[in-house]
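Below is one structure, written out as structure tokens; comments come after it.
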Amino acid sequence: MAEKAINPIFLSRPNLDEVDIQAVVSVLKSGNLVQGKEVANLEEKINSLTGSAFSSAVSNGTASLHLALVALEIGPGDEVIIPAFSYIATANVVELVGATPVFVDIELGTFNINVSQIEEKITSKTKCIMPVHEFGLCANMEEIIRLATSHGLYVIEDAACAIGARIGDQYAGTFGDFGSFSLHPRKSVTSGEGGVVTTKTKELDEKIKTLRNHGIRPGSFPMDFVEAGFNYRLTDFQAALVSSQMRRLPSIFRHKEALVDLYLKSLRTDILLLPSVPDGFTHSWQTFHVVCKDHETRERLIGWLKEHQIFCNYGAQCIPAMSFYLKKYQFDVKQQFPSAYEAYSCGLALPLSETLTSEEVSYVCEIINQFK
Ligand SMILES: *Cc1c(COP(=O)(O)O)cnc(C)c1O
């Protein structure tokens, strides 16, 4: 019965409905493609969802991290603490401003930075902790903010995957000096390419809005160029596309949560470590990520799933093991970052998206449970 025509099953697929498409078309017809009202409208929506005081929409999630670092004047000679397991962009932006990424191992299960190992990495050069809310689960922000406060460090949350994630009632992107979101098609809502920077103060917000727009102070007339800025603007049709999808966020989360519950109760645990969510944390389930008992099992399982037209992929990188970082810093990766290395070499992201059905998840579980 499982062979009914439900495959192929893909890791994820963006889901744009007719209303989303019309939102883009109407901006295209208006002629205001950039710097119209849709970007401000999206920023308002992000503020009202997250409770952030200020937001700036930008051209992608990497640009938003880059802007946050530049706004805090982090550069050569400075160190930024980041998790060893993330998407590579988390480390690349630190390199891009000329600072040094200092990697900390993660915890298996939550896949987030191991907060008990942060303090030993803090030096006189440390300027910032940049935790990642990996796969949509908030890092332990209470402990990170405590450490940052006691050592006088900035905090930038890489919340690329975590729009809508919470600890208690507080939303991802509102704990640190800056929050950074991505609107890439692999995230919960998408503009194709896009990102958002959230912050608490008018001063930092103005800095971001200045830097994203060639260094022009917002509202200045005649234009006042107060920074050597970037062009990191988002277009208005992209902003409208995201605002439209945000109507569906509550139902996207409800749907994904039901699929995750099904995965958690159906998947075998003899060869898989399943993800865990600490009490009081609300996961936004950008990715459902498991860890196989060893590398060889992971490789064979990917092949087995592919044979059944189920297409899965690795979830994130052990960044210190990637060529650029390995060459530059000569890490002993398995010894220094054992959990990040295990999550990378044995980890697997299983299909999860707004369009995936519970029948499809049951089928994926059935195939995995037949794996020998
Ligand atoms: C997706 C992602 C980014 C990069 O976002 P882009 O919009 O693709 O530039 C950065 N950090 C993490 C953790 C991500 O998952």
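Key figures for this structure:
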{"item": "Whichever residue in region 186-202 is over 18 Å from Leu49 (Cα atoms) and out of contact with any helix residue (DSSP H, G or I) (no Cβ under 9 Å at 6 or more places or on another chain) and, among such residues, is modelled with the highest pLDDT", "result": "Lys202"}
{"item": "Test: residue in region 60-72 that is assigned to a loop (DSSP other than H, G, I, E, B), open to solvent by 10 Å² or more (accessible area, probe 1.4 Å) and out of contact with any helix residue (DSSP H, G or I) (no Cβ under 6 Å at 6 or more places or on another chain)", "result": "yes"}
{"item": "Test: residue in region 138-154 that is outside the structural domain of Ala343 (by TED's automatic domain parsing), buried (at least 24 other Cβ atoms within 10 Å of the Cβ), assigned to a strand (DSSP E or B) and not small (Gly, Ala, Ser)", "result": "no"}
{"item": "Residue, surrounded by the most Cβ atoms within 10 Å (Cβ to Cβ), within region 174-184, restricted to residues that are assigned to a loop (DSSP other than H, G, I, E, B) and more than 9 Å from the ligand (Cβ to nearest atom)", "result": "Gly176"}
{"item": "Extreme residue, farthest from Val242 (Cα to Cα), among residues of region 164-207 that are polar (S, T, N, Q) and out of contact with any Asp or Glu (no Cβ under 6 Å at 6 or more places or on another chain)", "result": "Thr201"}
{"item": "Positions within region 279-333 being within 30 Å of Tyr171 (Cα to Cα) and either aromatic (Phe, Trp, Tyr) or touching a Cys at 6+ places or on another chain (Cβ under 6 Å) (or both), in sequence order", "result": "Phe281, Trp285, Gln286, Phe288, Val291, Tyr314"}
{"item": "Only listed residue being assigned by TED's automatic domain parsing to the domain that holds Ala71, touching a helix residue (DSSP H, G or I) at 6+ places or on another chain (Cβ under 8 Å) and of a type in the set (Asp, Glu), chosen from Asp205, Asp224, Asp236", "result": "Asp236"}
{"item": "Residue tally, condition within 12 Å of the ligand (Cβ to nearest atom), closer than 21 Å to Ala148 by Cα, in contact with a Phe, Trp or Tyr (Cβ under 9 Å, 6 or more places away or on another chain) and among the aliphatic types (A, V, I, L, M), over region 81-105", "result": "2"}
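Results for (1) open to solvent by 10 Å² or more (accessible area, probe 1.4 Å); (2) of a type in the set (Ser, Thr, Tyr), shown as yes or no for each residue.
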{"position": "Leu305", "(1), (2)": "no, no"}
{"position": "Ala321", "(1), (2)": "yes, no"}
{"position": "Phe337", "(1), (2)": "no, no"}
{"position": "Thr357", "(1), (2)": "yes, yes"}
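The values are calculated or read from the model by the stated rules, or taken from the named source; none is laboratory data. The shown structure was predicted, so the numbers you read here are calculated from the model rather than taken from an experiment. Glycine gets a Cβ as well: all are built from the backbone with ideal geometry, and neighbour counts include every protein chain shown. All accessible areas refer to the heavy atoms of the entire protein, side chains included, with ligands and DNA or RNA removed. Shrake-Rupley method; radii C 1.70, N 1.55, O 1.52, S 1.80 Å.
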